[in-house]
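Take a look at the structure set out below.
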Amino acid sequence: EDQVTQSPEALRLQEGESSSLNCSYTVSGLRGLFWYRQDPGKGPEFLFTLYSAGEEKEKERLKATLTKKESFLHITAPKPEDSATYLCAVQASGGSYIPTFGRGTSLIVHP
Amino acid sequence: NAGVTQTPKFQVLKTGQSMTLQCAQDMNHNSMYWYRQDPGMGLRLIYYSASEGTTDKGEVPNGYNVSRLNKREFSLRLESAAPSQTSVYFCASRLDRVGELFFGEGSRLTVL
């Protein structure tokens, strides 16, 4: 069974204080790992897809990296508008093609 | 540029009442999904439709039914609502069975 564990559950940062969110996964053959951002009262919004270990992708202050067991979402010099819940999901290379989601990390960035 | 549209956004039901949540996408996607999101539980898949004309159960299908009306529309029906079905429901779609999901804004359902 595919499993995704995100840590920490919640993270409070001061504006400009860089940090990382973790997504550990167990899957029988990774087809893709996805990061989403979810604002309160909204649906998740797609950020990145990573396909193989060693891959990295960047968007503004966010950088996602992937190893064979986990992915990190690095946030550099965060701003209050980066406050959101960040969700990680994995999709296996076979079977039902259903993505498995983690429970998310709630990030609050204080000005 | 509507993307995925869900209706209604809010609904209050009494135990035993029925209702249908509607979802439509305008991106010509083949696959559509219904999730529920509860505090501390994350997103859980209720039903999905990999392509027009097919539907399959997800992780938590009990108490729900779905209809893939056409390529654009995928509805979720609660035949006899229970308080345990109080949740936020999200519809999502994607081009095929792989790739990123595009989510609607959500439908917040309360069952009294």
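The values are calculated or read from the model by the stated rules, or taken from the named source; none is laboratory data. Values in this document were obtained by computation on a predicted structure and should not be read as measured data. So basically every Cβ, Gly included, is an ideal-geometry build from the backbone, and we count neighbours across all protein chains shown. Ligands, DNA and RNA are stripped out before the accessible areas are found, and what is left, the full protein with its side chains, is counted by its heavy atoms. Shrake-Rupley method; radii C 1.70, N 1.55, O 1.52, S 1.80 Å.
In units of 2.2 N^0.38 Å, what is the alpha-carbon radius of gyration of region A:1-80? Don't skip to the end; give the middle numbers.
Details: Rg = 13.0 Å, N = 80, 2.2 N^0.38 = 11.6 Å.
Its radius of gyration relative to the 2.2 N^0.38 Å reference: 1.12.
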Pairs of Cα atoms under 8 Å, at least six residues apart: use those to get the relative contact order of chain A, whole percent. 37 percent
For B:K9, list the aspartates and glutamates whose Cα falls under 13 Å from its own Cα; do not include residues on the same chain fewer than 8 positions away. B:E105
In Å², rounded to a whole number, the accessible area per residue of the protein assembly as shown with probe 1.4 Å is 48 Å²
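What number comes out for the charge environment of B:F103, summing +1 per Lys or Arg and -1 per Asp or Glu over other residues with Cβ under 15 Å away? Walk me through the intermediate numbers first.
On the way: positive: A:R37, A:K42, B:K9, B:R36, B:R44, B:R94, B:R108; negative: A:D39, A:E45, B:D26, B:E100, B:E105.
Net charge in that neighbourhood comes out at +2.
What is the magnitude of the charge dipole of the protein assembly as shown about its Cα centre, with +1 placed on the Cβ of each Lys and Arg, -1 on the Cβ of each Asp and Glu, and no other charges, expressed in debye to the nearest 20?
Numbers: 24 positive and 24 negative charges, 79 e Å.
In debye, rounded to 20, the protein assembly as shown gives about 380.
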The alpha-carbon center of region B:43-112 and that of region A:54-74 are separated, in whole Å, by 30 Å
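Summing Lys, Arg as +1 and Asp, Glu as -1, what charge do residues with Cβ under 9 Å from the Cβ of A:V109 carry, A:V109 excluded?
Numbers: positive: A:R12, A:K79; negative: A:E15, A:E17, A:E81, A:D82.
For residues surrounding A:V109, the net value is -2.
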Using a 1.4 Å probe and counting only protein heavy atoms, how much accessible surface gets buried when A and B come together, both sides summed, in Å² to the nearest 100? 1600 Å²
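Quick one: with all protein chains in place, what share of the accessible area of chain B is carbon or sulfur, to the nearest percent (1.4 Å probe)?
Numbers: 2560 of 5270 Å².
Heavy-atom surface of chain B belonging to carbon and sulfur, 1.4 Å probe: 49 percent.
Averaging sequence separations of C-alpha pairs under 8 Å and six or more residues apart, then dividing by the length of chain B, give the relative contact order as a whole percent. Kindly include the intermediate steps, with their values, before the conclusion.
On the way: 294 pairs, mean separation 40.6, N = 112.
Rounded, it is 36 percent for chain B.
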Which ³J(HN,Hα) values, rounded to whole Hz and listed in residue order, are derived for region B:91-108 from phi using the Karplus coefficients 6.51, -1.76 and 1.60 in 6.51 cos²θ - 1.76 cosθ + 1.60 with θ = phi - 60°, glycine and proline given as x? 9, 9, 9, 8, 4, 9, 8, 10, x, 6, 8, 10, 9, x, 7, x, 10, 8
Under a straight-distance cross-link criterion of Cα-Cα below 20 Å, which lysines are reachable from B:K71, leaving out those fewer than 8 residues away in the same chain? B:K57
Which of the lysines could be linked to A:K57 by a straight reach, that is with a Cα gap under 22 Å, when you skip same-chain ones fewer than 8 residues away? A:K68, A:K69, A:K79
Report, for chain B, the % of DSSP beta bridges that are antiparallel, rounded to 5. 90 percent
Of the candidates A:Y97, A:Y36, A:Y51, which one comes out as most mobile in a Gaussian network treatment of chain A with C-alpha springs shorter than 10 Å? A:Y97
Region A:65-111, accessible surface, carbon-and-sulfur percent (1.4 angstrom probe): 55 percent
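Mind checking region B:4-52 for chymotrypsin sites (Phe, Trp or Tyr not before Pro) that DSSP puts in a loop (not H, G, I, E or B) and that have at most 13 other Cβ atoms within 10 Å? Don't jump to the answer; show the numbers that get you there.
Details: sites: B:F10, B:Y33, B:W34, B:Y35, B:Y47, B:Y48; in loops: none.
Answer in residue order: no site qualifies.
Of all DSSP beta bridges in the protein assembly as shown, what percent run antiparallel (nearest 5)? Let's see the in-between values first.
On the way: 72 of 81 bridges.
Among the beta bridges of the protein assembly as shown, antiparallel pairing accounts for roughly 90 percent.
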Antiparallel as a % of all DSSP beta bridges within chain A, to the nearest 5? 90 percent
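What do you get for Rg/Rh of chain B when both radii come from the Cα atoms and Rh is the Kirkwood radius? Don't skip to the answer; put the middle values down first.
Values: Rg = 13.1 Å, Rh = 13.8 Å.
Reported Rg/Rh (Cα atoms, Kirkwood Rh): 0.94.
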Run the numbers on region B:70-100: which residues show a drop of 50 Å² or more in accessible area, chain on its own versus all protein chains together, using a 1.4 Å probe over heavy atoms? B:R97, B:V98, B:E100
Which parts of region B:24-56, residue by residue, lose 20 Å² or more of accessible area when the rest of the protein chains are there, as against the chain isolated (1.4 Å probe)? B:Y35, B:Q37, B:G40, B:M41, B:G42, B:L43, B:L45, B:Y48
Dipole-positive endmost among A:F72, A:Y25, A:A92 within the protein assembly as shown (Cβ charges, Cα centre): A:A92
So between B:T15 and B:N30, what do we pick up on full extension, going 0.36 nm a residue minus the alpha carbon distance? 2.0 nm
